[in-house]
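Notes to accompany the following structure.
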Amino acid sequence: MQLAQQISSMALGLRKKVNIRVRQPLQKIMVPAINLQFKVQLKKVEQLILSEINVKEIQYLDQEVGVLVKRIKPNFKELGPRFGKLMKAIAAEVEKFSQDDIATLERNKELPLHLEGSTLTLKLSDVEIISEDIPGWLVANEGPLTVALDVNITAELRNEGIARELINRIQNLRKEKGLEVTDKIELFVQRHNNISEAVLFNNDYICSETLAERLNYADQIDSQEKVAVELDDNILTYIHIHKFNNPIATT
């Protein structure tokens, strides 16, 4: 459970970094599998993580070289006490490390380093390793744990996100009106060019989640009880609901 919370927190932090609402679905998160035990533990909480961060799939990276680009730098607080005057020479060697060298150090927790005619053992704690962002992805690091979040929002994902925002507003309105959880409603949504695809393609989903007997997508809602809702940046429209057994005339 702690692993799920940590990964969820890192992913939600990446969402916040680029102002992507949690109700906006994203396609994928990549997590390098530190070892087999880590992968087994993560699979046990996979669905919990996906639900918490609203992402459709987790991709496990058994070999991250070539996918995530790592950057390594010396940890002078550790190197100084251990190696004294050799610290600068070791630091210079560390900065030459290839991606394979970094991966080997992470995997084995240590790496032999040949320097000035002798062999030293460089420990993982002697360095700091972070993964850099890659195009279309954001990367977060906490100790040995790395997550990469795909922040590309396709038209399909965007439409699903708008539909979820609309559902949330309708559910809140149901509560405000004191409707029972089993009450069916008639739903009216005022037309807006930027949500037409989202509403029409997700009609059944919206009706199912809100217990709407039907969804009326109208040019104008002629009811004083209509409510303004913001579904995304610069998308403001109106909705109106009433119990299905008490219809009113609306165009």
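Here are some notes:
- Checking each residue in the range 179-225 for being touching a strand residue (DSSP E or B) at 6+ places or on another chain (Cβ under 7 Å) and polar (S, T, N, Q) picks out 190, 194, 203, 210, 216, 220, 223.
- Residues that are over 25 Å from residue 130 (Cβ atoms) and either open to solvent by 90 Å² or more (accessible area, probe 1.4 Å) or in contact (Cβ under 8 Å) with a residue 60 or more places away in the chain (or both) within the range 14-50 comprise 21, 23, 24, 25, 43, 44, 47, listed in sequence order.
- Of the residues in the range 70-86, none is under 24 Å from residue 3 (Cα atoms) and either polar (S, T, N, Q) or in a helix (DSSP H, G or I) (or both).
- Listed by first and then second residue, the pairs linking a residue in the range 67-87 that is closer than 18 Å to residue 110 by Cβ to a residue that is open to solvent by 100 Å² or more (accessible area, probe 1.4 Å) and in a helix (DSSP H, G or I), with Cβ atoms under 7 Å apart and 6 or more places separating them unless they lie on different chains, are 87/76.
- Flag for residue 133 being open to solvent by 20 Å² or more (accessible area, probe 1.4 Å), more than 30 Å from residue 205 (Cα to Cα), part of a loop (DSSP other than H, G, I, E, B) and at pLDDT below 90: yes
Per-residue answers, yes or no, for (1) modelled with pLDDT of 90 or more; (2) of a type outside the set (Gly, Ala, Ser):
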position: 2; (1), (2): no, yes
position: 9; (1), (2): yes, no
position: 24; (1), (2): yes, yes
position: 32; (1), (2): no, yes
position: 36; (1), (2): no, yes
position: 43; (1), (2): yes, yes
position: 48; (1), (2): yes, yes
position: 71; (1), (2): no, yes
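- Flag if residue 6 is exposed (fewer than 15 other Cβ atoms within 10 Å of the Cβ) and polar (S, T, N, Q): no
- Boolean, residue 201 is open to solvent by less than 100 Å² (accessible area, probe 1.4 Å) and not β-branched (Val, Ile, Thr): no
- Here residue 101 fulfils each of the conditions (1) surrounded by fewer than 12 Cβ atoms within 10 Å (Cβ to Cβ); (2) under 30 Å from the mean Cα position of the chain (by Cα); (3) closer than 20 Å to residue 116 by Cβ apart from (1).
- Selected residue (criterion: nearest to residue 229 (Cα to Cα)) from residues of the range 177-218 that are more than 32 Å from the chain's Cα centre (by Cα), among the charged types (D, E, K, R) and assigned to a loop (DSSP other than H, G, I, E, B): 177
- Looking at 88, 56, 77, 73, just one residue is surrounded by fewer than 15 Cβ atoms within 10 Å (Cβ to Cβ), in contact with an Asp or Glu (Cβ under 6 Å, 6 or more places away or on another chain) and of a type in the set (Lys, Arg), and that residue is 73.
- For the range 1-26, residues that are outside any helix (DSSP H, G or I) and of a type outside the set (Val, Ile, Thr) total 7.
- Which numbered condition residue 61 fails, given (1) modelled with pLDDT under 90; (2) closer than 20 Å to residue 123 by Cα; (3) in contact with a strand residue (DSSP E or B) (Cβ under 6 Å, 6 or more places away or on another chain): (2)
- Against the test of being modelled with pLDDT under 90, surrounded by 15 or more Cβ atoms within 10 Å (Cβ to Cβ) and not basic (Lys, Arg), the options 250, 237 yield a single qualifying residue, 250.
Conditions tested, residue by residue: (1) of a type in the set (Lys, Arg); (2) surrounded by 15 or more Cβ atoms within 10 Å (Cβ to Cβ).
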position	(1), (2)
122	no, yes
158	yes, yes
172	no, no
177	yes, no
185	no, yes
192	no, yes
197	no, yes
209	no, yes
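- Test: residue in the range 107-121 that is of a type outside the set (Val, Ile, Thr), in a helix (DSSP H, G or I) and under 26 Å from residue 32 (Cα atoms): yes
The values are calculated or read from the model by the stated rules, or taken from the named source; none is laboratory data. Just so it is clear, the model here is predicted, and its values are computed rather than measured. Here Cβ is always computed from backbone atoms with ideal geometry, including for glycine, and neighbour counts include all displayed protein chains. Side chains are part of the model used for accessible areas, which takes the heavy atoms of the whole protein and leaves out ligands, DNA and RNA. Shrake-Rupley method; radii C 1.70, N 1.55, O 1.52, S 1.80 Å.
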